[in-house]
1. Sort out which residues of the stretch A:54-89 are small (G, A, S), in a helix (DSSP H, G or I) and out of contact with any helix residue (DSSP H, G or I) (no Cβ under 7 Å at 6 or more places or on another chain), and write them in order of number.
2. Condition first: surrounded by 19 or more Cβ atoms within 10 Å (Cβ to Cβ), assigned to a loop (DSSP other than H, G, I, E, B) and free of Cβ contacts under 8 Å to residues at least 40 places away in the same chain. Now tell me which residues in the stretch B:207-239 satisfy that.
3. Kindly list, by first and then second residue, each pair from a residue in the stretch B:191-203 that is in contact (Cβ under 8 Å) with a residue 60 or more places away in the chain to a residue that is within 13 Å of ligand 1 (Cβ to nearest atom) and basic (K, R), limited to pairs with Cβ atoms under 6 Å and residues at least 6 apart or on different chains.
4. I'm checking my understanding of the structure. Among residues of the stretch B:1-49 that are of a type in the set (V, I, T) and more than 11 Å from ligand 1 (Cβ to nearest atom), which one is surrounded by the most Cβ atoms within 10 Å (Cβ to Cβ)?
5. Please go through the stretch B:77-103 and give me each residue that is away from ligand 2 (no atom under 16 Å from the Cβ) and either assigned to a strand (DSSP E or B) or more than 19 Å from A:E126 (Cβ to Cβ) (or both), ordered by number.
6. Report the residue count in the stretch B:81-113 for those that are more than 21 Å from B:I179 (Cβ to Cβ), among the hydrophobic types (A, V, I, L, M, F, W, C) and more than 8 Å from every other protein chain (Cβ to nearest Cβ).
7. Considering only the stretch B:76-110, state which residues are out of contact with any Leu (no Cβ under 6 Å at 6 or more places or on another chain), away from ligand 1 (no atom under 16 Å from the Cβ) and among the β-branched types (V, I, T).
8. From B:Q147, B:Q140, which residue is of a type outside the set (A, V, I, L, M) and crowded, with 21+ Cβ neighbours inside 10 Å?
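Throughout, read-outs are computed from the coordinates displayed, never taken from laboratory work. Just so it is clear, the model here is predicted, and its values are computed rather than measured. We place every Cβ from the backbone using ideal geometry, glycine too, and count neighbours over all the protein chains shown.
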Amino acid sequence: MFDVTHFIDMVPDLLKAFQETIIMIGISLSVSIVLGLPLGILLFVTDKGLFWENRLIKSVFGFAVNLIRSIPYIILLVALFPLTKLLVGQTIGPIAASVSLSVAAIPFFARLVETSLREIDKGVIEASIAVGATPWMIIKDVLIPEAKSSIIQAVTVTVISLVAFSAMAGVVGGGGIGDLAIRFGYYRYDNTIMIATVAILILLVQAIQIAGDWFAKSIDKR
Amino acid sequence: MLEFRNVSKVYSAKKKEVVGVDNVSLIINSGDIFGIVGYSGAGKSSLLRCINLLERPTSGEILINGKDLTKLSRNELRLARLKIGMIFQHFYLISQKTVGENIAFALKAASMPANAIPARVDELLEMVGLAEKRDVYPAQLSGGQKQRVGIARALANNPAMLLCDEATSALDPKTTVSILRLLKEINKKLGITIVLITHEMDVVKEICNRMAVMQDGKVIEEGDVYDIFASPQKILTQEFISSVVSFDIPKTILKDVRGQIVKILFKGNVAGEGVISDTMQRFEVKGNFLHGTIEYIQERPLGIFLMELQGEDSELAKARAYMTERGAIVEVVLHV
Ligand SMILES: Nc1ncnc2c1ncn2[C@@H]1O[C@H](COP(=O)(O)OP(=O)(O)OP(=O)(O)O)[C@@H](O)[C@H]1O
Ligand SMILES: [Mg+2]
């Protein structure tokens, strides 16, 4: 069932696929942090009772986030082909796949950030308001530090979701581990590749989770 | 001077309206340590939080030195808050920042130049007795120490006023005493007006000079702490005071009472026992002490005696009049 010589032959392909997966995840994670973090903060601070309370902004962005999150990734991927073409010039390959991965991950991560911020004791925010802090100071010195550990957990969850999504992107030629699993494992009934790719994905997810947990814990001062 | 002018706060939660503060008018003078007492839900926190507009009053005015805080713009209000410190029952420190950083946060809010911050932080920590804890995180401190950090943060920008919402309720009795002592010192040394909420009359007796009693969002009684302890007017006030100063007579004693029971109060330095023994000698009255104590409120003695008096009604009346003349406050509690 597992053919060692075939596996050794395929190592270069596996490495390339692994590298492509890392590129996809790396790009889309960076984009989702850069855009999703502010979006999550915005969703939180425009909520009722907070210092930038704003029903309009809260509901417009809340709706957009829900909208994207309600579309299954595989449909989003196809629906975004025109945008992908516009941005990257093509619809196959890891860079192209990063577009839809980012679009899917931004609202996902933003909601997780919002939830993390909601865990902060309201009293701490109030105490900062009472001290005369500006909203920016509160975001920078209270909200982000207090939620930091929980936001790192959110990053971990997002990365793991991206691993799963990136494998799906492989189905339509996004490259990466998923692509390899489909092309060899599924279409060619190549069990060795199937087992190898699944093992790589399992190890990858485990490693991300362990690293995330450790990091989140190590920076928490509570 | 802080003045509440017809302040009301109505919360609208799920279709229902809850009155937190009901048309309160109150003056708190500069330099006061003002205590607000009342049962849970009376509106104490709501009233206190109206002072720095953490809660915006539904109607009425909050005047600090004649300036209405409710009329300020967002940024003016933020600047006004720099001069109103606040401490909380649960401290509310930033858990991911060190003690020093927590205090520096308040200084940054006042735009203090970065190079002046460390010295000021050290000075504040020195004042609250935590000089060696600057680089420690709040999780490593005891409750009393956390409250000291809270106090240092509140005092960072030299406020004129310090608001304390049940600041000692989460602390053990010994720590409570040390925090109260610190608050008193702050009031004396820095001349900061302190408004504090508590449900412990001991706290009021210990440090307040003026107080208000709240019930159902209203202030039902207010005044000098000593006067209120000596002669509480409202039943609720009496209830609160009885936790510190007891006038209760055991039922078994009441059963055997002949004549009348009187409560005799001596305010200040009147020598109570002397007055009473003089009275017994002068009039055809026999007296029996049921209870006697001297309470120190604001370091002023308050003598409280409960006596059973027997004799002709006319003699009893004369005896009471005589004691009143000698400075006592005499009240007939029971007449058999
Ligand atoms: N944010 C809020 N929303 C709705 N109702 C509130 C809110 N805050 C307070 N209340 C209500 O207002 C009333 C007064 O509450 P407040 O917290 O001022 O009482 P308190 O005297 O401080 O009580 P405690 O001693 O329990 O702290 C209560 O009936 C309370 O339920
Ligand atoms: Mg309260």
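1. Within the stretch A:54-89, A:S59, A:A64, A:S70, A:A79 qualify.
2. Passing the criteria: only B:P232.
3. B:I197/B:K44
4. In this case the residue turns out to be B:I33.
5. Across the stretch B:77-103, the qualifying residues are B:I84, B:G85, B:T98, B:V99, B:G100.
6. Selection size over the stretch B:81-113: 3.
7. Listed by number, the residues that qualify are B:I84, B:I94, B:T98, B:V99.
8. From the options B:Q147, B:Q140, the qualifying one is B:Q147.
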